[in-house]
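Here's the structure we're looking at; comments come further down.
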Amino acid sequence: MYAQMVQSTGKGVKRLEEMSPQERAFQARIDAGEKIEPKDWMPEGYRKTLIRQISQHAHSEVVGQLPEGNWITRAPTLERKAILLAKVQDEAGHGLYLYAAAETLGVSRADLIDDLLMGRAKYSSIFNYPTLNWADIGAVGWLVDGAAIVNQVALQRTSYGPYSRAMIRICKEESFHARQGYDLMMKMAAGTKAQKAMAQDALNRLWWPALMMFGPPDKDSVHSAQSMAWKIKVMSNDEGRQRFVDQTIPQIEYLGLEVPDKAARLNPETGHYEFTDPDWDEFFAVINGDGPCNADRMRARNKAHDDGAWFRDGLMAHASKQIAAE
Ligand code: BYC
């Protein structure tokens, strides 16, 4: 199967004949569907790719708290506030599981966080867009968590054991996040004319950035071929995007809202929607630091980190006292 994949994609994948016997044995384990565990031998490239992807994923969870956290004090009812608080808190937990999974690969959480704070590490492009009205909170849960779930359900089958197990728990919580988002959108879409207009506006603005979450088109994806050969990724960027569009357009119709992509059409022969690509120039600008909120997000994360210094110092002082007392 792997040999076939090498022939069909070619791009950036080490060929069987170029591999050492150890690398070949590793690839055979991957092809047989075995999970790789922290103490197992692994190629350096596999380790590095996992550290990059898992840490970017962790950073996305943590930075992803900001656009929603922004609305906690303005939630319109006590119930909505409690739901939003629980969701934002869950995202911190997801960041924690993912940093812990990355640490099993021999890196420290402090170094990974430093990379984020110094602007050396990426996080999901979606969080560089603002949440402008209350319906955005519904649209984030429904579209952003919805897109994340499509990707993360596939990642439950990723070849690295700790990452795969983290995904199982995260997916359960993300399902609650997506449902509360859709529930909020249902209320807004069935509300007053002004509320429905807010729901449509949120959908119009977040639709294209949600499509970008799956990464660049397959033809421009740098890492896909090797990551799929190693089963770090088990679904291509375009496959994920198609799956998301196919599940979301019927949900938009159920809400009685308009699909932002006027050219989107169901192809009855394939059973899939044909749709317009997002603006890929905008995507590359955003992931290279030039999106609407990149500077704000980095400022907020750095401030939160600096404000928490006294607490980390306290924990360290307590831990050293305990060690000294043993
Ligand atoms: N945003 O070769 P490619 C959530 C980068 S958060 C930014 O296709 P790959 C939630 C990519 O890193 C969910 N950067 O990459 C939290 C690479 O750059 P580098 C987050 C992106 O890795 C709070 C370059 O573009 N989910 O659920 O094979 C509230 C070339 O791309 C993006 C994950 O992180 C992007 N959208 O595939 C609510 C899932 N796309 O590293 C919700 C785990 C691409 O060479 N990650 N880039 O400098 C993945 O599955 C994969 O990393 C991706 C990209 C599919 C995203």
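Observations, loosely collected:
- Cβ-to-Cβ counts within 10 Å put W230, W142, W280 in ascending order as W280, W230, W142, the fewest first.
- For region 7-104, size of Cβ-based charge dipole, Lys and Arg +1, Asp and Glu -1, in debye: 220 debye
- In straight-distance terms, cross-link reach from K122 covers every one of the lysines whose alpha-carbon lies under 17 Å from its own, apart from those fewer than eight places away in the same chain; here that gives K48.
- Given +1 at the Cβ of Lys and Arg, -1 at the Cβ of Asp and Glu and no other charges, the dipole of region 253-319 around its Cα centre is 480 debye to the nearest 20.
- Residue exposure sequence - E18, E174, E282 - by fewest surrounding Cβ within 10 Å: E18, E282, E174
- In this simple spin-label model, placing a label point 7 Å from the Cα along the Cα-to-Cβ direction at both K187 and R265 gives a separation of 3.9 nm.
- Relative to its Kirkwood radius, the Cα radius of gyration of region 70-156 gives an Rg/Rh of 1.01.
- Rg/Rh (Cα only; Kirkwood hydrodynamic radius) as it applies to region 149-240: 1.10
- Modelled FRET efficiency - R0 51 Å, D307 with W280, Cβ distances, 0.05 increments: 0.90
- Computed about the Cα centre, the dipole magnitude for the chain is approximately 500 debye when only Lys and Arg (+1) and Asp and Glu (-1) carry charge, each at its Cβ.
- Which of A147, H94, T270, positive extreme of dipole for the chain (C-beta unit charges): H94
- From least to most packed, judged by other beta carbons within 10 angstrom and beginning with the fewest, H57, H272 follow the order H272, H57.
- Under 5 Å between amide hydrogens, built in the peptide plane, is the criterion, and for A121 it picks out L116 among residues at least 5 positions away or on other chains.
- Mean separation of Cα contacts under 8 Å (6+ apart) over length of the chain, as relative contact order %: 20 percent
- Average projected area [Cα convex hull, the chain], square nanometres: 19.8 nm²
- Span from the region 254-272 Cα centroid across to the region 164-178 one, whole angstrom: 27 Å
- Model label points for E239 and A82, set 7 angstrom from Cα along the Cα-to-Cβ axis, are 4.1 nm apart.
- Residues of type lysines that K81 reaches as a straight line, Cα spacing below 19 Å, ignoring anything fewer than 8 places off in the same chain: K187
- Span from the region 207-245 Cα centroid across to the region 110-150 one, whole angstrom: 17 Å
A short reminder: the numbers here are calculations on the coordinates, not readings from a lab. Predicted model, so just to flag it, every value in this text is computed and none were measured. Because the Cβ atoms are built from the backbone with ideal geometry, glycine has one as well, and the counts that use them run over all protein chains shown.
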